[in-house]
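Report on the following structure.
The values are calculated or read from the model by the stated rules, or taken from the named source; none is laboratory data. Predicted model only: the values in this text are computed from it and were never measured. So basically every Cβ, Gly included, is an ideal-geometry build from the backbone, and we count neighbours across all protein chains shown. Just so you know, the surface numbers come from the protein's heavy atoms only, side chains and all, with ligands and any DNA or RNA stripped out. Shrake-Rupley method; radii C 1.70, N 1.55, O 1.52, S 1.80 Å.
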Amino acid sequence: MNIIICLKQILDPEIPVRDFRIGPDKREAVRGNANLVTNIFCENALETALQLRERTGGKITALAFGAESAEDTLRKALAMKADEAVLVLNDGHPHPDPFTVAQVLAAAVRKIGACDLVMTGRESGDWGSGQTGGLIAEELGLPCISFVDHIEARGEGTDASLFVKRQTDNGWELLNAQPPLVVTITNNEFNVPRIPKTRDIMISARQPITKWTLEEIGVNAAEVRAGQSYYEVVDLAIPAKDVACQFVSGDTLEQKVENLAQRVIEVTRSL
Amino acid sequence: MNDVAICLFAESGYDRAAQGVIGAGRRLAGTLGGRLHAITIGTHNPELNVRIAAVADSVISADQVELAEYQPELCLDALAQLCGELAPKAVLLSNDTYSQELAPRLAHKLGGSAVGDGIELIAQDGAIRVKRSVYGGKAVATIELKRSPAVIWLRARAFEADSAGSASVATVRQTRLNLPSGDRTRIIERKAESTGEARLEDARVIISGGRGLGGPEAFKDLQELAGLVGAQVAASRAACDSGWYPPSWQVGQTGKKVAPGLYLAVAIRGASQHMAGISDAKVIAAINIDPDAPIFKHCQFGIVEDYKKVIPLLREKLAALQK
């Protein structure tokens, strides 16, 4: 099973609200002192891929489209034991729209070659558009299954068949699929990303990362650099929200909880 | 063309989300000066089609055996054919799993642009703009779609239902589509995990547990509590990731976006990613041991105590008050 896993480096979504700032052009967040991290769903996807490889063998190629800094995301993927890493360097718009990203990743997938499974996270922790997987599938003419949390492979070569479990609004569905296909991965208790071993981190620092320019993957580089042919962010604002919390009063715990219960009943009866 | 098409899966029925999508579609069509077409996919659901016919200008029901149950590739093909014929300026979908899954692919097939989790639609100078929550709920972006049609899945319950209705009742047209066979993906098993009666998105009251609960046992206590006030139990991502509660009941930026009348957060700190899932809740209340937990910044009322001490007492008091 040859797996290509798409990884996105993002502004640390855990930064507190009070440290979150928007740039003067009102188009994107200011990095400030925040770290850059790998999007969590991308790491869930990598973990899912690693577990699949442990069961069925194969090769995992980590793929990112981003600035030079995205090398850190790929090094971490190598430390988690992805086999190879490819970075398509983005020297254009810092936040290209989802179609631009999908075009680039699809072109890179084609250039990497033999691939049974393309995996992405279900959405990113920054812009969260949740479109990359679906659009890559369309660019490559492949089927796509979203919100997947587990994959089993059975059979080999042309008889290979995948059993894909995905989350739905009220439970789950099991799908049978013939590779190649695209899946987007969501989190569950079994794909919490592993912590790389110190030794593997040290090894990963010396592993080669293939780097491609936009010209090398055969996309319309000018359009990709502009990055806004699909949609454009025209405004970004921090919503005003200030609610004063009334803490329930009472001299004893019992009185406090009594008051809490009364508030709860008041609200539920008013609905 | 300034028409608007709404796409609904018949199996979801005429729920609050469907009403939100229909209402949003009716108003957008009005602003654009176009017609409102409704497409329903799936086994015959007379009530849904009749209700929609009272609001839309035309209803197309793709009701055939291949579409009786959702299959990603077949439903995508069906929607692409039907939307392609209508050539609308905008295509609106709800926020169920299937709509989220198909929206970007449908946009690609139609040569349009997609955006998801829309909370407001703006038609201005011929362009369609969508407001959506980004950066884990820390900011709201306005996004202009550059290609037509604009394919948008909505945070459906954030939109008002239509109140006016249409002047005349539209006829429901049944279609028979030519759909490809031999799909490369096929759903072979479906399982609903029922932890309550209503869908989380439709719940009037939600009691939700977080990392601070420390284990799956406390969710049983929350369920008992929920039973007393007709609430649904939900969980934060941390709790679901720990395997304490099924992930289909996860609330937050990456789980369900809910809009209950009351959301009671138990031992949930309230990171912005969690709050992004409950921004449409009418009243938020919290039980948390930490007075500085960010959740209290969003609460109308709350109690600073160890949930372990509060829950048994609260159960007792609620039971007494409900009598």
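Quick notes
- For the pair B:Ala167 and B:Thr31, a Förster radius of 25 Å applied to the C-beta separation gives a FRET efficiency near 0.90, rounded to the nearest 0.05.
- Solvent-accessible area buried by pairing A with B, both sides, nearest 100 square angstrom, 1.4 angstrom probe: 7700
- Accessible-area rank, largest first, for A:Ile112, B:Ile52: A:Ile112, B:Ile52, with all protein chains present and a 1.4 angstrom probe.
- Residue-averaged [θ]222 nm for chain A, counting only DSSP H segments that reach four residues, each worth -39500 (n - 2.57): -9500 deg cm²/dmol
- Chain B: angle of helix B:307-322 to the longest principal axis, Cα-based, in degrees nearest 10: 70
- Per residue, the average separation of C-alpha pairs within less than 8 Å and at least 6 apart gives chain A a relative contact order of 24 percent.
- The residue among A:Ile3, A:Val37, A:Leu50 whose Cα reaches farthest toward the positive pole of the charge dipole of region A:1-51, with charges on the beta-carbon of Lys, Arg, Asp and Glu, is A:Val37.
- Those residues of region A:248-267 whose amide nitrogen sits under 12 Å from the label point placed on B:Lys282, 7 Å along Cα→Cβ: A:266-267
- Fully extended contour minus Cα-Cα distance, from B:Glu160 to B:Met1, at 0.36 nm per residue: 54.7 nm
- Dipole magnitude (debye, nearest 20) for region A:158-256, charges at Cβ of Lys, Arg, Asp, Glu: 560
- Of the accessible area of chain A, computed with a 1.4 Å probe over protein heavy atoms only, carbon and sulfur atoms account for 49 percent.
- The label-point distance for B:Arg186 and B:Asp292, in a model that sets each label 7 Å from Cα toward Cβ, rounds to 5.8 nm.
- GluC sites (Glu not before Pro) restricted to DSSP loop in region A:82-167 with at most 13 other C-beta within 10 Å: A:Glu156
- Principal-axis tilt of helix B:217-229 within chain B, Cα atoms, nearest 10 degrees: 70
- For the pair A:Lys59 and B:Gln174, label points projected 7 Å from Cα toward Cβ lie 5.3 nm apart.
- Among B:Glu120, B:Glu224, the sequence by solvent-accessible area, most first, with a 1.4 Å probe is B:Glu224, B:Glu120.
- The relative contact order of region A:1-67, computed from alpha carbon pairs under 8 Å that lie at least 6 residues apart in sequence, is 55 percent.
- Taking the protein heavy atoms of region B:4-174 in the context of the full set of protein chains, the accessible area attributed to carbon and sulfur is 47 percent at 1.4 Å.
- Solitary cysteines of chain B, where the nearest other Cys Cβ is not under 4.7 Å: B:Cys7, B:Cys75, B:Cys83, B:Cys240
- Contact order normalised by residue count of region B:4-174, Cα under 8 Å, 6+ apart, percent: 30
- In the context of the full set of protein chains, residues of the protein assembly as shown present 39 Å² of accessible surface per residue (probe radius 1.4 Å, heavy atoms only).
- Nearest-20 debye value, the protein assembly as shown charge dipole, Cβ charges on Lys, Arg, Asp, Glu: 520
- Estimated from helices alone, the mean residue ellipticity of chain B at 222 nm is -8500 deg cm²/dmol (sum of -39500 (n - 2.57) over DSSP H runs with n ≥ 4, per residue).
- Surface composition of region B:246-302: carbon and sulfur atoms hold 60% of the protein heavy-atom accessible area at a 1.4 Å probe.
- Dipole orientation for the protein assembly as shown: of the candidates A:Thr61, B:Gln100, B:Cys240, B:Cys240 has the Cα lying most toward the positive pole (charges on Cβ; Lys, Arg +1; Asp, Glu -1).
- Between 0 and 90 degrees, the angle of helix B:16-32 with respect to the longest Cα principal axis of chain B falls at about 50 degrees.
- Exposure of A:Met202 as accessible area (Å², to 10), given a probe of 1.4 Å and all protein chains: 120
- List of region A:169-208 residues, accessible area with partners at least 40 Å² below that of the chain alone (1.4 Å probe): A:Asp169, A:Asn170, A:Trp172, A:Glu173, A:Leu174, A:Leu175, A:Asn176, A:Asn187, A:Glu189
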